[in-house]
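The values are calculated or read from the model by the stated rules, or taken from the named source; none is laboratory data. As the structure is a prediction and not an experimental result, all values here were calculated from the model. We place every Cβ from the backbone using ideal geometry, glycine too, and count neighbours over all the protein chains shown.
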Amino acid sequence: MQTSLPIGRTPWLQKSSWLRAKSVCLLSSALSLRGADMADLSPGAGLVFPSLTMDSSLSLINFLPSRELANTLMHEYWVRVHPLARVVHRMSFERQFLQFWQAVSSGYEPKFSIQALVFAALFSAAVSMPEDLIRTRTGREKVELVKSLQTAVEYALSRANFLQTVKTETIQAFCAYLVRILVLSQ
């Protein structure tokens, strides 16, 4: 049995009006949150990397491979990864890679966004390399190297605040990380 409605009114219009009013109320509530209240609503890095404990005593040095290994992995990145998933502009990234190592050799810690991008490239390269090639070039097992670099890129992304960033390097690093994680899961 239908209830009688005034002429020109339908149940859809009434529901639509109610939804519009509710949306206006929700929007005005959201807009009333300012400053520190908004920071409390942001998700943390633990949402994506729950196993990663943010130990403040850890630093870049805990994860950094030797310069020789990093150069080898970067060569493999350009050969194996970059042609298939162009996440970075080659000349710009090569410049950032050199600046990264200059900062490290000078005793400075590079920007977190650059750390994330460098580790994402190294991780991508290690994932794409055959196991025997990694063993002959690095003297390490592929599983060990990949796991180490995966932890490094996750830690660097967390420190770069990847869920709230507007920095291009951090977003590129996260994209490169996701592409390789998808490869690993297949």
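Brief remarks follow.
- Test result for VAL87, part of a loop (DSSP other than H, G, I, E, B) and at pLDDT below 95: yes
- Listed by first and then second residue, the pairs linking a residue in segment 60-85 that is within 19 Å of GLU109 (Cβ to Cβ) to a residue that is of a type in the set (A, V, I, L, M, F, W, C), with Cβ atoms under 6 Å apart and 6 or more places separating them unless they lie on different chains, are PHE63/ALA152.
- Residue selection: THR168 fails the criterion of being over 17 Å from GLU94 (Cβ atoms), surrounded by fewer than 23 Cβ atoms within 10 Å (Cβ to Cβ) and β-branched (Val, Ile, Thr).
- Evaluating GLU154 against the criteria (1) touching a residue at least 40 places away in the same chain (Cβ under 8 Å); (2) charged (D, E, K, R); (3) assigned to a loop (DSSP other than H, G, I, E, B) leaves one unmet condition, (3).
- Per-region count, segment 94-122, residues under 20 Å from GLU76 (Cβ atoms) and either part of a loop (DSSP other than H, G, I, E, B) or of a type in the set (S, T, N, Q) (or both): 2
- Qualifying residue in segment 147-158 (condition: under 15 Å from CYS175 (Cα atoms) and either of a type in the set (Val, Ile, Thr) or modelled with pLDDT of 95 or more (or both)): yes
- Any chance THR151 is touching a Leu at 6+ places or on another chain (Cβ under 8 Å) and surrounded by fewer than 20 Cβ atoms within 10 Å (Cβ to Cβ): yes
- Every listed requirement among (1) free of Cβ contacts under 8 Å to residues at least 12 places away in the same chain; (2) exposed (fewer than 14 other Cβ atoms within 10 Å of the Cβ) is met by ARG140 save one, (2).
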